[in-house]
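Bear in mind that the values in this text are calculations on the coordinates, not laboratory data. The structure displayed is predicted, hence computed values, not measured ones. Neighbour counts are summed over all protein chains in view; Cβ atoms, including those assigned to glycine, are modelled from backbone coordinates with ideal geometry.
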Amino acid sequence: MKMLHFFLVLLFIFVDASGQSIGRFQDVATLDRFLQYQPNRKQPLILAHRGGPDPSDTENSITTFTKTAGALPDAILEMDVRITRDSNYVLLHDVTLDRESNARGAVADWTLADLLKVKLKTLSGELRVCLGLLFGQPIEQD
């Protein structure tokens, strides 16, 4: 059952944050061709590791992924999914909350209800976005 929830959350995240049309890469060969170096490529191939470069962005959040996918539809978005103590899934780059939020400790030691009170740091260090992720929709706080 946990695996089903995990795949459903990933599906919601992919559908919500993807700037690419569904079915664009229907096989490995198509994906390999896309990722291969092409000297005549009109745009660089961009990997959005942790999200986006804006100082107001938070690492590894749906809000940042959606913004990046809208601005760079061909960007490859890398994300880290973590499981909470009560078997919910959230996005956070690190295994612990220490560096990216106003809280401390491993994500796995927190319940989702408690994580909903935690604020993430933006790349500029401001605390503003709630960590909670429910069914692929970000819950934001000012």
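Please give the contour-minus-distance gain from residue 94 to residue 47: 0.36 nm per residue of separation, less the Cα-Cα distance, rounded to one decimal in nm. Write down the numbers at each step before the final one.
Details: separation 47, 0.36 × 47 = 16.92 nm, distance 1.82 nm.
Stretched out fully, the residue 94 to residue 47 stretch lengthens by 15.1 nm.
What is the distance, in nm, between label points placed 7 Å from the Cα along the Cα-to-Cβ direction at residue 108 and at residue 83?
It is 0.9 nm.
Considering amide H positions built from the backbone, and no H for Pro or chain starts, which residues 5 or more places from residue 77, or on another chain, come under 5 Å of its amide H?
48
Residue by residue through segment 76-83, which ³J(HN,Hα) values in whole Hz follow from phi under the Karplus form 6.51 cos²θ - 1.76 cosθ + 1.60 (θ = phi - 60°), with glycine and proline marked x?
Going residue by residue, I get 9, 9, 9, 9, 10, 9, 10, 9 Hz, with x marking Gly and Pro.
Apply the Karplus parameterisation 6.51 cos²θ - 1.76 cosθ + 1.60, with θ equal to phi minus 60°, to every residue of segment 101-115 and state each ³J(HN,Hα) to the nearest whole Hz, in sequence, with x for glycine and proline.
8, 8, 10, 10, x, 6, 4, 5, 8, 10, 8, 4, 4, 6, 5
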